[in-house]
Amino acid sequence: MGENIFSVLGPIMVGPSSSHTAGVARLGKMARNILGKEPEGAEITFFGSFATTYKGHGSDRAVIGGLLGMDSSDGRIPNALEIASEMGFKYTFKAIEPVSGHPNSLEIKTWNKEETIEMLGSSRGGGNILIEKINGFDVLLDGQYPTLWILLFDRPGMVGKIASLLASKMINIANMRLERSQPRGLASMTIECDNAVGPEIIEEIRQKEFVSSCRYIPRVR
Amino acid sequence: MKPLWTFEKWLSVSKEKNISLAEVILEKETDETGAGREEILEELEKRLKVMRESLERGLKRDEITPGGMIKDESKVLEKFFCENPPLSGLGAIKTAIYSIAIAQENAGMGRIVAIPTAGSAGIVPGTFFAFAELEGIDENRLIEGLLVAAGVGMVVGEKMEMAGAAGGCQAECGVAAGMAAAGVMFMLGGRGEEVFHAFALGVKNLIGLACDPVGGLVEVPCVKRNGFAAVQALLAVDMVRGGIRSVIPPDEVVDAMVDVGRSLPSSLKETAKGGLAQTKTGLQISERE
């Protein structure tokens, strides 16, 4: 609803399916952006409808292409598996048909020398995606906004401190979400912003004594 | 709440301001998104270019698709009809070949513009490019045609989700045929009412179409169906040119699509649990996958 010209006339994408190919490439790219560095390998688990048709829809190539940094319109996606092998990028695929969540979902575990991240996401049609979990924390991200993902200690007033810091840097918040594992425990905060967030601001957030970690996840086209 | 964008509204804005249907859509887009005219026109040119490239690659394609069901259909047809007159007419066969070529390109993981979806990506550009060649239509006119086609998609999108999983194939190939018919009618100089009736006639015969792809893949019946739906768009234009009108007004045809889309069982909405997907051969193919 609320269509515009380019929601009807697009996206420009590598076929054959906006949900199984374009959306999956975007999910792969999100995992790469969350890791924040060049990934060296990945384990991908396809659930539900993905599990039965991922090969025929090229979802395997799309997810690896995304992990390697390709957009959903990148003409190299059909050859992404070969490109990955040449680069020494290691990957495995697993298919689990029964699904408790969305019928088109997948889990990506990806790593480099320093760390490993895990992401659960789904493809919601028309190339739209939703990231539901990062490293076990519940999130809800659609990849349309530059996003900050902050792990912080659950104390009164922390949310306000982060919000005012962003306001002072003229960063406008589009959406914000807070989830905590237990009272006074570690809380996960996602902030979708209208504009890109510079590295010095991220560093400033990291320096706050109540912040455990802060990652910047660029938007995915 | 914003008032619903309808064919009736579109026509009244065009009459009030005395501007073309294409111009109404361009103004609506600049108003609603804040983008400039030039920016939008450039983006449209870019998409037209991607469509043209997908056609050129599709016409040469002879590689088997990932699902193994489609190979070189457009090439085979083009070769045959270079030497043999088609029963269905030159316009029809050219349109079918072009639409199938782009749909093949999509099935084979080529780069395409989803219009309105990837599965129906061959219909609008296939119809437009065949028509442009036969009638000598230039690039600027094609861009205007695309604006009208997009406007049609926007009217439909106000009321229903354009996805086989949501409304069956009528929500993909059906809508695309309506968009193509309206766009071609406009490029031929059709006035408001004629353009919308071309949409209505083009869509009405596709209402209720099952989305029953073999193995759940965008190959069978999708690729050849792009050719059929495109030819139907041409016939709708010819009917309007001859003076025929849709008895049911265009906006009500959209309401009918919404209603039928809801009534279709989920087995016929991209689940591969019914229709062609569940035939003996369809099942054998999906097991091979």
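The values are calculated or read from the model by the stated rules, or taken from the named source; none is laboratory data. In this text the structure is predicted, and so the values were computed from the model without any measurement. Counting neighbours? That spans all protein chains shown, and the Cβs are built from the backbone with ideal geometry, glycine included. SASA here: full protein model, heavy atoms, side chains in, ligands and nucleic acids out. Shrake-Rupley method; radii C 1.70, N 1.55, O 1.52, S 1.80 Å.
Key figures
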item: Protein accessible area in region A:147-217, 1.4 Å probe - carbon and sulfur %; result: 51
item: Apportionment of accessible area to carbon and sulfur, region A:5-141, percent (1.4 Å); result: 48
item: Helix-only [θ]222 nm of chain B, DSSP H runs n ≥ 4, -39500 (n - 2.57) each, per residue, nearest 500; result: -21000 deg cm²/dmol
item: Size of electric dipole in the protein assembly as shown: Cβ of Lys, Arg +1 and of Asp, Glu -1, about Cα centre, debye, nearest 20; result: 820
item: Accessible area of chain A divided out per residue, in Å², using a probe of 1.4 angstrom; result: 43
item: Region B:74-149: translational diffusion in µm²/s, Stokes-Einstein, Kirkwood Rh over Cα pairs, 25 °C, 0.890 mPa s; result: 188
item: Signed unit charges on C-beta, dipole axis of chain A, positive-most listed residue A:ASN104, A:ILE117, A:VAL24; result: A:ILE117
item: Helical mean residue ellipticity (222 nm; -39500 (n - 2.57) per DSSP H run of 4+; nearest 500) of chain A; result: -7500 deg cm²/dmol
item: All-pairs alpha carbon distance profile, the protein assembly as shown, 10 Å steps from 0, percent; result: 4, 19, 27, 24, 16, 8, 2, 0
item: Prolate/oblate/rounded call for region A:1-82, Cα gyration tensor, a/c under 1.5 rounded; result: prolate
item: Three semi-axes of the equivalent ellipsoid, chain A, Cα gyration tensor, whole Å, largest first; result: 30, 19, 17
item: Where only C-alpha atoms are counted, convex hull volume of chain B per residue in Å³; result: 133
item: Cα shape, region A:147-217, gyration tensor, a/c 1.5 rule; result: prolate
item: Along principal axes, Cα extents of region B:148-222, largest first, whole Å; result: 43, 23, 18
item: Residue order for A:GLU115, A:GLU192 - accessible surface, 1.4 angstrom probe, largest first; result: A:GLU115, A:GLU192
item: Total accessible surface hidden between A and B, rounded to 100 Å², 1.4 Å probe; result: 2700
item: Complex-versus-alone comparison for region B:109-125, residues with a loss of 50 Å² or more in accessible area, probe 1.4 Å; result: B:MET109, B:ARG111, B:ALA114
item: Packing-based order for A:169-178, B:43-52, using average beta carbon neighbours within 10 Å, highest first; result: B:43-52, A:169-178
item: Accessible solvent surface per residue of region B:187-289, calculated while the other protein chains remain in place, 1.4 angstrom probe, Å²; result: 47
item: Interface residues in region B:44-58 - accessible area drops by 50 Å² or more relative to the isolated chain, probe 1.4 Å; result: B:ARG47
item: Around B:THR6: net Lys/Arg minus Asp/Glu count, Cβ-Cβ under 11 Å; result: -3
item: Listed residue (B:VAL240, A:ILE5, B:GLN170) projecting farthest to the positive dipole end of the protein assembly as shown, Cβ model; result: B:GLN170
item: For region B:230-288, diffusion coefficient by Stokes-Einstein and Kirkwood Rh (Cα), 10 °C, 1.306 mPa s, µm²/s; result: 109
item: Region B:139-289, accessible surface, carbon-and-sulfur percent (1.4 angstrom probe); result: 54
item: Neighbourhood net charge (13 Å Cβ-Cβ; Lys/Arg +1, Asp/Glu -1) for A:LEU130; result: 0
item: Unpartnered cysteines - no second Cys beta carbon under 4.7 Å - across the protein assembly as shown; result: A:CYS193, A:CYS214, B:CYS82, B:CYS173, B:CYS222
item: Nearest-10 value in Å² for the accessible area of A:SER85, using the 1.4 Å probe; result: 70
